[in-house]
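Heads up, the thing below is written out as structure tokens.
The values are calculated or read from the model by the stated rules, or taken from the named source; none is laboratory data. Owing to the predicted nature of the structure, the values given are computational and were not obtained by experimental measurement. Here the Cβ is made from the backbone with ideal geometry for all residues, glycine too, and neighbour counts use every protein chain on show. Ligands, DNA and RNA are excluded from the accessible area calculation, which covers all protein heavy atoms including side chains. Shrake-Rupley method; radii C 1.70, N 1.55, O 1.52, S 1.80 Å.
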Amino acid sequence: MLNPLIDEIFELILTKHIWKVHTLALELSKRGVVNNLDTDPYRDLFQRNFLIMNALYQLQQQLLPNQYLLVASLHIELTDNPDKITIAAHDSLQTYYLDWQNYDASITEVKSLLDDFWRTFRASPTINTLDQQQRQTLLKRWELPDDFSMQALQKRWRQLATQYHPDKQHGNAEQFKQLKNEYEQLRASCSKTS
């Protein structure tokens, strides 16, 4: 079955580089595309999420081989260079969300899925780990030595944050977000090497 949200989501993805499932859901709601789907709030949330994920995975298949739509709950991105992305041969989430029978999950199943999600979410690191080349690139950009200390990293972070904070005269919100992400990655990298 062709999901009616595919075109709406594709248009949104073309307007902004990176999305998250919840920001897509919010925008679709604002546009009046997705209304209440169930009286139970858990099932309503589940069915909204299901429709969005189903549309994303159908769109992902439609765009190949020239483009690749990276689909993860916290990172949805369209790329023109699918060769640079590692595409999993078997994606269990894709299999789940492309099966329309799962849309009618019972409230018990929905609560179980939510519990599993939160258990997995709390157990998994939310920060992308750096490989050696990425780490070296960041260290050079941040002007830090290879064996930097947490204190040196925090000092450098404060300098850069002060410079790029959106509230400052020459601040830049996107640059600030990127720096914050890089800081978290370097922090994780520092704690692993210390």
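For this structure, a couple of remarks:
- Every pair of residues 6+ apart whose Cβ atoms lie under 9 Å, when the first sits in segment 164-187 and is under 23 Å from MET150 (Cβ atoms) while the second is of a type in the set (D, E, K, R): GLU182/ARG141; TYR183/ARG156; GLN185/ARG135; LEU186/ARG135; LEU186/ARG156
- Qualifying positions in segment 46-60 - free of Cβ contacts under 8 Å to residues at least 40 places away in the same chain and within 22 Å of LEU113 (Cα to Cα): ARG48, ASN49
- Taking the listed residues LEU144, LEU153, LEU113, LEU130, the one that is modelled with pLDDT under 80 and surrounded by 14 or more Cβ atoms within 10 Å (Cβ to Cβ) is LEU130, with no other qualifying.
- Search result, residues across segment 1-32 that are assigned to a loop (DSSP other than H, G, I, E, B) and surrounded by 15 or more Cβ atoms within 10 Å (Cβ to Cβ): ASN3, LEU5
- The selection criterion, being open to solvent by 60 Å² or more (accessible area, probe 1.4 Å), aromatic (Phe, Trp, Tyr) and out of contact with any strand residue (DSSP E or B) (no Cβ under 9 Å at 6 or more places or on another chain), holds for TYR42.
- Sub-6 Å Cβ pairs linking a first residue in segment 130-157 that is within 13 Å of TYR183 (Cα to Cα) to a second residue that is small (Gly, Ala, Ser) and surrounded by 17 or more Cβ atoms within 10 Å (Cβ to Cβ), at least 6 apart or interchain, are LEU130/SER189; ARG135/SER189, ordered by first then second residue.
- For TYR57, the stated conditions hold: it is of a type in the set (Ser, Thr, Tyr), open to solvent by less than 30 Å² (accessible area, probe 1.4 Å), under 23 Å from TYR103 (Cβ atoms) and touching a helix residue (DSSP H, G or I) at 6+ places or on another chain (Cβ under 7 Å).
- Within segment 35-44, being out of contact with any Asp or Glu (no Cβ under 9 Å at 6 or more places or on another chain) and without any contact (Cβ under 8 Å) to a residue 40 or more places away in the chain holds for ASN35, THR39, PRO41.
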